[in-house]
Structure formats: C-alpha cells, structure tokens
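Comments concern the structure below.
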Amino acid sequence: MKLVVDFRMHNASGIGTYIRNIIPFMVDIFDVILLGTSEEIQKYSWSNKVKIIECTSKIYTIKEQFELFVKIPKCDIFWSPHYNVPLLPIKANRRVVTIHDVFHLAFYETLSLKQKLYAKLVINQATSRSDKILTVSEFSVDEIRKYTNTKNDIEVVYNAIDFDKFKIIYDKSKLDFAKDKYKLPNKFLLFVGNVKPHKNLKNLLLAIKDIDINLVIVGKKDGFITGDDNISSLIEKCNLENRVFFTGYVDDEDIPAIYNLAKVFVFPSLYEGFGIPPLEAQASGCPVICSNVASLPEVGGIDSVVYCDPYSVEDIAEKIKMVLADENLQNELKIKGFENIKRFSWEESAKKIIDVIEGLR
C-alpha cells in the first residue's frame, strides 16, 4: 500500500512526538511517502526507507491548502496526523486523520475571529471527509462527538513514551552535567508545558507562593501567557523572582536528566487530549501531581499520581505540600508510576494504527 503522511509537524512537542515514534514501525510495511523537508527528515535513521516530497508551507494557512492539493500524489491512503486536513480534492483512495483533541472548539471564546472560523471549518471537515478518525483517549472521543456531532467511527490509540530514553539515570555525572548546564537549583518542582493559558501555569505559581520550594519551568520565559498577566509580572506579584527558574531551550537528550533531578513533577493542565509529560516523569522515577480533569485520570490511572483540582489554587498547594512532606508517599508514587507506564507502548500504538490502515484496503 502506498501511504502518504504529512510529516511537517515532526518537531512539534505533542504531535511531533507522536509521528516521530509511529513512522519507524510503518516504513517496512508500507510504501511510505512523507511530506516535509528533506534536510530535516534525512536525520532519521530510517529515512532511507521513505520517499520525501518537499512541502514547507506553515500549518493553518491558505498556502498550505494549495500545496497539499498540488503535492499529494496518487496513493492508497493519506494520513493527516493533525486536524489540518486538505480541504481541496486529493488523489488518495482513502483518508485517515488523527484528532488529538478539540481544544480550539472547547476553548472557542479564547480564539480570534480568524482562528474561530478556521477551527470550526477545518475540524468539521476533518471528521466528515476522513474514512477513519483516530484519537488518543476516550476523553477526546467524547469531545470530538460533542463539538462536531460526527457519527463516524472513532478509534482510540493511546500515545506512549520512549522507554529507552525516559528511565532512571544512575550516572551521577549525567545528572550533574544537566544541573550545571541549565543552572538548576538543588530541590525543585518541575513544570513542562507550552505557552498556552490552559496549561494553567498561573495557578501553579499562585500555589507555590507560600511553599518553600523552587519551580523549574522547561522553556523560555518569553512568550508564556497565563491569562490575565504576562509571566514576568505574575512572578513579580508573587515575589517568586528568586524561586522560579526557566531552562530556556533544552536539548532533547537532556530532558530525561531534568525529570530525574526533579523532586516532584506538577501538571495542573485544564485540558489535555492525552498528556505525555506525566508518563515521562513516571518513567524517570519522579512522583507526579496532576489535574483531575480531561484525559489525565485516564492516563494516570487510579492511584499512580496524586490528583488535584486545577481550578483551586488551595488544592494544588495542599497536594504539593502533602507529597513533599511524605517520603513514603513519594516512593509509593514512584513504584505505582513504573507499573502505570507499562500500559503505554509506541510499538503497540503503531500496530493498532497499521491495522486501521490495512483495514481500509
């Protein structure tokens, strides 16, 4: 079968992690053609097994739509790993789309008029034009049905983590190297998330205001949006200038060491289609506190994490203090975390997607 995949988002955090880990399992099974940039794709060890069609348009643009229309070749299956599907006719016998979440519809009021028009049009087109819809959690199934009213079949294929990459690091020199490189404090909570307000960094900062603990945020201070304040003014209001540390850009190979160094990983997000970072933390032996909303209880299971109410600053603070004060609880969370992550494997996820594609013959 000739399978064409839009690979342009391979460097993105969530969707990029997804396609980077699924494609290697497909290259020996299908005749794979990737849309993207040759220079970037050729860095992958499996790149000699795929064909590449240069496709460089930015996502969510009119140019993207014309480029997809022109460049998608005749094929058995075209797979969009994000909802930005081609709106013009393409030469594919069947279409598959992965819709990770419908954040843009669930948080519709936060969008500009242009974003609202685009999201409503394209997500609904993605569900109606595709022969098969994939998503990453039962939560997202419910959300897709709620906001698009699609009657099409939706297949859940969980995300996963790379167990060779995320694990306990026993080599102290590697940990010391990362600590020095990113100027990390001795004892800290860890937050990993992007710049969007729904990641709820604002409430996390308010929660730690009166707790004697540092917070390390993976990423740059510039660009963070917390809702009502920019990040700098909020940190200043909370008198956290000396306790909040931004890593700046982190090399991919250093992320596991930072998880290993953290005392507790905190993920107070308001909306996640899946949520990979809590699993990365668990695989790295770091206790996890996360939201009790959206897909996160599905990912964290019954008792491998401590759940908090992300809308309550008091509850986030209480759960942080509880975990920090109890070493037995920390060890229990580590053990249960190692059990929880066994449910998530990229190989198993890839097999399910391959079965879906082969079922469309």
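The values are calculated or read from the model by the stated rules, or taken from the named source; none is laboratory data. Since this is a predicted model, take the numbers as computed values, not measurements. Because the Cβ atoms are built from the backbone with ideal geometry, glycine has one as well, and the counts that use them run over all protein chains shown.
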Query raised in the report: Just to be sure, is His104 touching a Leu at 6+ places or on another chain (Cβ under 9 Å), closer than 26 Å to Gly193 by Cα and in the same structural domain as Ile354 (by TED's automatic domain parsing)?
Result: yes
Query raised in the report: What about Asp254, is it acidic (Asp, Glu) and modelled with pLDDT under 95?
Result: no
Query raised in the report: When you look at Ser312, is it among the polar types (S, T, N, Q) and touching a Ser or Thr at 6+ places or on another chain (Cβ under 6 Å), yes or no?
Result: no
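Here are some residues: Ile335, Ile354. Which one is assigned by TED's automatic domain parsing to the domain that holds Leu134 and surrounded by fewer than 19 Cβ atoms within 10 Å (Cβ to Cβ)?
Within the list Ile335, Ile354, the selection yields Ile354.
Only one of Val192, Val216 is modelled with pLDDT under 95, closer than 16 Å to Glu280 by Cβ, hydrophobic (A, V, I, L, M, F, W, C) and surrounded by 13 or more Cβ atoms within 10 Å (Cβ to Cβ); which?
Val192
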**Report entry** When residues of segment 276-312 are limited to those that are of a type in the set (Gly, Ala, Ser) and closer than 21 Å to Phe188 by Cα, the one surrounded by the most Cβ atoms within 10 Å (Cβ to Cβ)
**Finding:** Ala281
Report summary line: Taking segment 27-45 and keeping only residues that are over 16 Å from Asn11 (Cα atoms) and out of contact with any strand residue (DSSP E or B) (no Cβ under 8 Å at 6 or more places or on another chain), one is left with Val27, Asp28, Ile29
Query raised in the report: Of everything in segment 54-91 that's among the β-branched types (Val, Ile, Thr) and without any contact (Cβ under 8 Å) to a residue 40 or more places away in the chain, which residue is nearest to Ala126 (Cα to Cα)?
Result: Ile90
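Table: residues versus (1) exposed (fewer than 14 other Cβ atoms within 10 Å of the Cβ); (2) under 21 Å from the mean Cα position of the chain (by Cα).
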| site | (1), (2) |
| --- | --- |
| Tyr108 | no, yes |
| Leu113 | yes, no |
| Lys116 | no, no |
| Ser130 | no, no |
| Thr135 | no, yes |
| Ser140 | no, yes |
| Glu143 | no, yes |
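Is it true that Phe78 is assigned to a helix (DSSP H, G or I) and surrounded by 14 or more Cβ atoms within 10 Å (Cβ to Cβ)?
no
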